[in-house]
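Okay, so here's the structure we're looking at.
Laboratory data are not the source of any read-out in this text; all were calculated from the coordinates shown. Note that the structure is predicted; figures quoted are calculated from it, not measured. A quick note on method: Cβ atoms are made from the backbone with ideal geometry, for glycine too, and the neighbour counts reach across all protein chains shown.
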Amino acid sequence: MDFANTQIELAQTLDSQDQLAPFRDEFVIADPDLIYLDGNSLGRLPKRTDPLMQAAIGEAWGQRLIRGWNEGWIQAPFELGAKIAQLIGAEADEVIVTDSTSINLFKLVVAALKARPGRTKIVSD
């Protein structure tokens, strides 16, 4: 047996033991031969996303109109943070979902500049 076959057999053995493998069926996979590794920004679409989005559009927009866009947003970062806390072993009130680090740093700089309008330079170390 050559090295390539041994590696393929090892990969197949490991795949057969993968406890997360059943989750593959929960995603839209239009091309099963495509190896898609761009999961950090736009991973595969979960199959349950479409009905959830349709429900959100139908209820929040269709029924509630503009009122629907203003409901639940203030509490959402805390609710999502509590769910993530369970995954990482933290207390529910110790995690909050916010913007990216870059966006939050931008907000901090803007707030600092507005607090001292006469200052025009930012020094960073």
Item to check | Set of lysines with alpha-carbon distance to Lys121 below 17 Å, sequence-local pairs under 8 removed | outcome: Lys107
Checklist entry - Can you list residues whose amide H is under 5 Å from Phe27's amide H, if they're 5+ apart or on another chain and H is modeled 1.01 Å from N? => result Lys47
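Would you compute, from DSSP H runs of 4+ residues alone, the mean residue ellipticity of the chain at 222 nm, taking -39500 (n - 2.57) per run and dividing by the full residue count, rounded to the nearest 500? All intermediate terms of the calculation are to be shown ahead of the outcome.
Working: 5 runs with 54 residues, N = 125.
Counting only the DSSP helices, I get -13000 deg cm²/dmol.
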Item to check | 25 Å Cα-Cα reach of Lys47 towards lysines, excluding residues that sit fewer than 8 places from it in its own chain | outcome: Lys83
Item to check | Residue order, fewest to most beta carbons within 10 Å, for Lys107, Lys114 | outcome: Lys114, Lys107
Checklist outcome for this item: Of the candidate values (i) 15.4; (ii) 8.9; (iii) 10.7, the one computed for mean projected area of the Cα convex hull in nm² from this structure is (i)
Next on the checklist: Can you compute 3J(HN,Hα) from phi for each residue in the stretch 58-64, using the Karplus curve 6.51 cos²θ - 1.76 cosθ + 1.60 with θ = phi - 60°, rounded to whole Hz and x for Gly and Pro?
Outcome noted: x, 7, 5, 8, x, 8, 8
Item to check | From phi via Karplus (6.51, -1.76, 1.60), per-residue ³J(HN,Hα) for the stretch 8-15 in Hz, x at Gly/Pro | outcome: 5, 4, 4, 4, 5, 5, 5, 4
